[in-house]
Amino acid sequence: MTTKLDEYAKKRHFERTPEPRGKRSAATESPIFVIQKHQASTLHYDFRLQSGDVLKSWAVPKGLSTDPNEKRLALPTEDHPLEYAQFEGDIPADEYGGGTVLVWDTGPYENVTQDKDSGDTVPLEKAIQQGHAVVRLHGEKLRGGYALTRIDAGDEEKWLIVKTDDDEADARRNPVSTEPQSVLSGRTLEEIAADSSPGKARKKQ
Ligand code: MN
């Protein structure tokens, strides 16, 4: 477990950033997913899937769609600790990933990746290694199947995330633009940034 989070820890100064250090281990019954809206140098959505003690992670510039015809580019990033799933706040501007983070959606998910030949479920870690994973999300904003497919390997690894054409697919919804607020606190990025700004007393909640 420690080796998996080495890259995460190496990039951060925990005495200066409010992000979690990553020590707690997994104890939840069903794995969770989280999508964090992150206003860093560019706005993006960090899509994370729990795999054991860590969150496998991709940065999705446009966020996930509910339209099966919309392919969204996803760029893999380092594994994050499990408790990162509850993190929202401000990362100092001169730190790695500096900017504001909110929890845009979260909930349990099921790994429904099937081996083509046997029909058996492929463990998520192995599915990611093989470049194809299918999950069913049970979030507040996003529900149903999503397929992740690696389209480019090597140093500039690229994936696509596409909504499965199931009962929860809906081309008319566009939650990335119509539901911008945090599912944990109801706040927008601007409100989180204002709440975290130096000199301003933090609101008690
Ligand atoms: Mn990010």
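State whether one or more residues within segment 142-150 are surrounded by 14 or more Cβ atoms within 10 Å (Cβ to Cβ), out of contact with any His (no Cβ under 8 Å at 6 or more places or on another chain), polar (S, T, N, Q) and modelled with pLDDT of 95 or more.
Going residue by residue through segment 142-150, those that are surrounded by 14 or more Cβ atoms within 10 Å (Cβ to Cβ) are 142-150.
So of that shortlist, the ones also out of contact with any His (no Cβ under 8 Å at 6 or more places or on another chain) come out as 142-146.
With polar (S, T, N, Q) added as a condition, the list becomes none.
No, every residue in segment 142-150 fails to be surrounded by 14 or more Cβ atoms within 10 Å (Cβ to Cβ), out of contact with any His (no Cβ under 8 Å at 6 or more places or on another chain), polar (S, T, N, Q) and modelled with pLDDT of 95 or more.
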(message) For the structure I just gave you, tell me whether His80 is out of contact with any Leu (no Cβ under 7 Å at 6 or more places or on another chain) and either within 11 Å of the ligand (Cβ to nearest atom) or not hydroxyl-bearing (Ser, Thr, Tyr) (or both).
(response) no
(message) Which numbered condition in (1) among the small types (Gly, Ala, Ser); (2) part of a strand (DSSP E or B); (3) more than 9 Å from the ligand (Cβ to nearest atom) is the only one that Ser57 fails?
(response) (3)
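Could you identify the single residue in Ser41, Ser51 that is within 11 Å of the ligand (Cβ to nearest atom), surrounded by fewer than 23 Cβ atoms within 10 Å (Cβ to Cβ) and among the hydroxyl-bearing types (Ser, Thr, Tyr)? Explain how you work it out, then say what you get.
Working: Ser51 fails: within 11 Å of the ligand (Cβ to nearest atom).
Within the list Ser41, Ser51, the selection yields Ser41.
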(message) Being more than 16 Å from the ligand (Cβ to nearest atom) and over 24 Å from Ala153 (Cβ atoms) is the filter here; which residues of segment 95-115 pass it?
(response) Gly107, Pro108, Tyr109, Glu110
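Hey, which of the helices (runs of 4 or more DSSP H) in segment 120-205, taking only ones fully inside, have at least 3 residues that are under 19 Å from the mean Cα position of the chain (by Cα) and either more than 26 Å from Gln39 (Cα to Cα) or touching a residue at least 60 places away in the same chain (Cβ under 8 Å) (or both)?
Details: elements: 124-130, 175-178, 189-196.
Correct list: 124-130.
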(request) Inspect all residues belonging to segment 63-72 and state whether any of them is out of contact with any Cys (no Cβ under 6 Å at 6 or more places or on another chain), near the ligand (Cβ under 10 Å from one of its atoms) and in contact (Cβ under 8 Å) with a residue 12 or more places away in the chain. (result) no
(request) May I ask you to list pairs of residues, at least six apart or on different chains, whose Cβ atoms are under 9 Å apart, with the first in segment 27-51 being modelled with pLDDT of 95 or more and the second being outside any strand (DSSP E or B) and basic (Lys, Arg)? (result) Ile35/Lys141; His44/Lys62; Tyr45/Lys62
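The values are calculated or read from the model by the stated rules, or taken from the named source; none is laboratory data. It should be emphasised that the depicted structure is a prediction, and the values quoted were computed from it without experimental measurement. Glycine gets a Cβ as well: all are built from the backbone with ideal geometry, and neighbour counts include every protein chain shown.
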